[in-house]
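**Q** Would you mind keeping the following structure in view while I ask a few things?
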Amino acid sequence: MNIAAEPLHQLVRTVFERAGTTAEEAGLVADHLIDCNLMGHDSHGVIRVLPYARLVHSGRTASDQPIKITKDAGALVTIDGQEGLGQVVVKKAIDLGIERAREHGVAVIGICNTAHMGRIGAWAEQAAAAGLVSMHFCNTTGFGIQVAPFGGTDRRLSVNPIAMGVPRPGQEPIIHDMSTGTVAAGKVRVARNKGEQLPEGALIDNQGRPTTDPESFFADPPGAITTAAGHKGYGLALFVEILAGSLTGGSSSHPDHPTADRPVNNLLSILIDPERMAGSAAMAADIDRLVGWVKASPPLVAGGEVLMPGDVERRARADRRANGISLDPNTLAQIREAASMVGVPADEIERGLAPA
């Protein structure tokens, strides 16, 4: 079914408010989840409502949690998220990073111990909207160990996303958001919910054999996601563990970590003011030249085109705003379950799941 975005957004807000968040937090989480679906990243969209709501409702994810600065060296700041809602904690932390980057020219923000942060590209977009170049590296403390190291046969690493963003005055920013695994774990769940197979090379089963069946990922013992581009993605994944976990003090992924039984993230964000280097105008002019040169490459497929990172998501957003967000029956059932769990009336649930 294609579900209208606005009623769905209101339903998600209501679910989180009733689960125990403040109205502001509920709005921020709903904004993030719905925007993920609009951009085509269903793995980080409303498929997360039920697990998030369970954690908040049970008190395992903290509501109304201020960020706690544990180290402040001006341009370098370390923050303990105190297991607050990831979307809320990270937005506040990036706001602080923007302030510090404007003051010092650069800011390095280490964020430890938050609940699931969601789509990491959102934080590159936030920095780009403020005119800053940024890089972001995210890991988990152990709950997200789902990726096999290159040459290995079982889960040892998290999916460890990386995001980068650059502003383009008067134009859309360039945002690159990628998992160091071949696919994000949420995409495996989406495929399972839809009854679809995954691309060749994305998974191995519990014997280390290649498979396209998402059910193998949830078997006992489970299969694993492979690293993107083989040994290259493996090297990136390992460094994300070091940068987001070891360097910040949040810890690399390990099954013995005290928070390994729940989704806890760490993030290293680097924000740079281009005015302190080449200058915003000079950088923008050179990026325009680069983009023009790259996009002028003759398309591989007749009628095709070379796209910039972020173009696919922007086109998806325009389409889904107009035509609705496509949700499979399992995801719809999970949203109904979350809403019922926190006491949302049945008629209100159905209004929120109205077809587009």
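**Q** Does at least one position in region 293-305 carry a residue that is under 27 Å from the mean Cα position of the chain (by Cα), among the aromatic types (Phe, Trp, Tyr) and not in a loop (DSSP other than H, G, I, E, B)?
**A** Checking region 293-305: not a single residue is under 27 Å from the mean Cα position of the chain (by Cα), among the aromatic types (Phe, Trp, Tyr) and not in a loop (DSSP other than H, G, I, E, B).
**Q** Looking at (1) surrounded by fewer than 24 Cβ atoms within 10 Å (Cβ to Cβ); (2) modelled with pLDDT of 95 or more; (3) not in a loop (DSSP other than H, G, I, E, B), which is the one condition that is false for residue 12?
**A** With (1) surrounded by fewer than 24 Cβ atoms within 10 Å (Cβ to Cβ); (2) modelled with pLDDT of 95 or more; (3) not in a loop (DSSP other than H, G, I, E, B) applied to residue 12, the lone miss is (1).
**Q** Filter region 127-179 down to residues that are at negative phi and not in a strand (DSSP E or B), then give me how many there are.
**A** Just the residues of region 127-179 that are at negative phi, to begin with: 127-130, 132-141, 143-150, 152-159, 161-169, 171-179.
Cutting the leftovers down to not in a strand (DSSP E or B) gives us 127-130, 132, 141, 143-146, 148-150, 152-156, 158-159, 161, 169, 179.
Residues meeting the conditions: 23.
**Q** Quickly run through region 269-279 and pick out the residues that are buried (at least 18 other Cβ atoms within 10 Å of the Cβ) and farther than 13 Å from residue 165 by Cβ. Quick ask: steps written out before the conclusion?
**A** Of all residues in region 269-279, those buried (at least 18 other Cβ atoms within 10 Å of the Cβ) come to 269-274.
Answer for region 269-279, where residues must be buried (at least 18 other Cβ atoms within 10 Å of the Cβ) and farther than 13 Å from residue 165 by Cβ: just 273.
**Q** Quick test for you: out of 58, 43, pick the one residue that is under 29 Å from residue 260 (Cβ atoms), touching a helix residue (DSSP H, G or I) at 6+ places or on another chain (Cβ under 8 Å) and small (Gly, Ala, Ser). Steps first, please.
**A** On the way: 58 fails: touching a helix residue (DSSP H, G or I) at 6+ places or on another chain (Cβ under 8 Å).
Of 58, 43, the one residue that is under 29 Å from residue 260 (Cβ atoms), touching a helix residue (DSSP H, G or I) at 6+ places or on another chain (Cβ under 8 Å) and small (Gly, Ala, Ser) is 43.
**Q** Right, another one. Does residue 340 fit the bill of being in contact with a strand residue (DSSP E or B) (Cβ under 9 Å, 6 or more places away or on another chain) and of a type outside the set (Lys, Arg)?
**A** Working: in contact with a strand residue (DSSP E or B) (Cβ under 9 Å, 6 or more places away or on another chain): no; of a type outside the set (Lys, Arg): yes.
For residue 340, the condition - in contact with a strand residue (DSSP E or B) (Cβ under 9 Å, 6 or more places away or on another chain) and of a type outside the set (Lys, Arg) - is not met.
**Q** Contact list please: Cβ distance under 7 Å, first residue in region 283-309 and closer than 15 Å to residue 174 by Cα, second residue among the polar types (S, T, N, Q) and in a loop (DSSP other than H, G, I, E, B), pairs at least six apart or on different chains.
**A** From residues that are closer than 15 Å to residue 174 by Cα, the pairs are 306/297.
**Q** Cβ-Cβ distance below 6 Å, separation of 6 or more or different chains: which pairs start in region 3-23 with a residue that is in the same structural domain as residue 34 (by TED's automatic domain parsing) and end on one that is acidic (Asp, Glu) and modelled with pLDDT under 95?
**A** Going by the 6 Å Cβ cut-off, the qualifying pairs are 22/64.
**Q** State all residues of region 45-61 that are of a type in the set (D, E, K, R) and in contact with an Asp or Glu (Cβ under 9 Å, 6 or more places away or on another chain); if no residue qualifies, say none.
**A** Within region 45-61, 60 is the sole residue that qualifies.
**Q** Return the pair list, or none, for Cβ contacts closer than 7 Å from residues in region 329-356 that are within 10 Å of residue 11 (Cβ to Cβ) and outside any helix (DSSP H, G or I) to residues that are basic (Lys, Arg) and modelled with pLDDT of 95 or more, at least 6 apart or on different chains.
**A** 344/18
**Q** Provide a single number: the residues in region 189-213 that are closer than 10 Å to residue 153 by Cα and surrounded by 19 or more Cβ atoms within 10 Å (Cβ to Cβ).
**A** Summing the residues that are closer than 10 Å to residue 153 by Cα and surrounded by 19 or more Cβ atoms within 10 Å (Cβ to Cβ) in region 189-213 gives 1.
The values are calculated or read from the model by the stated rules, or taken from the named source; none is laboratory data. Just so we're clear, the structure is a prediction, and the values are computed from it rather than from any experiment. Backbone-built Cβ (ideal geometry, glycine too); neighbour counts: all protein chains shown.
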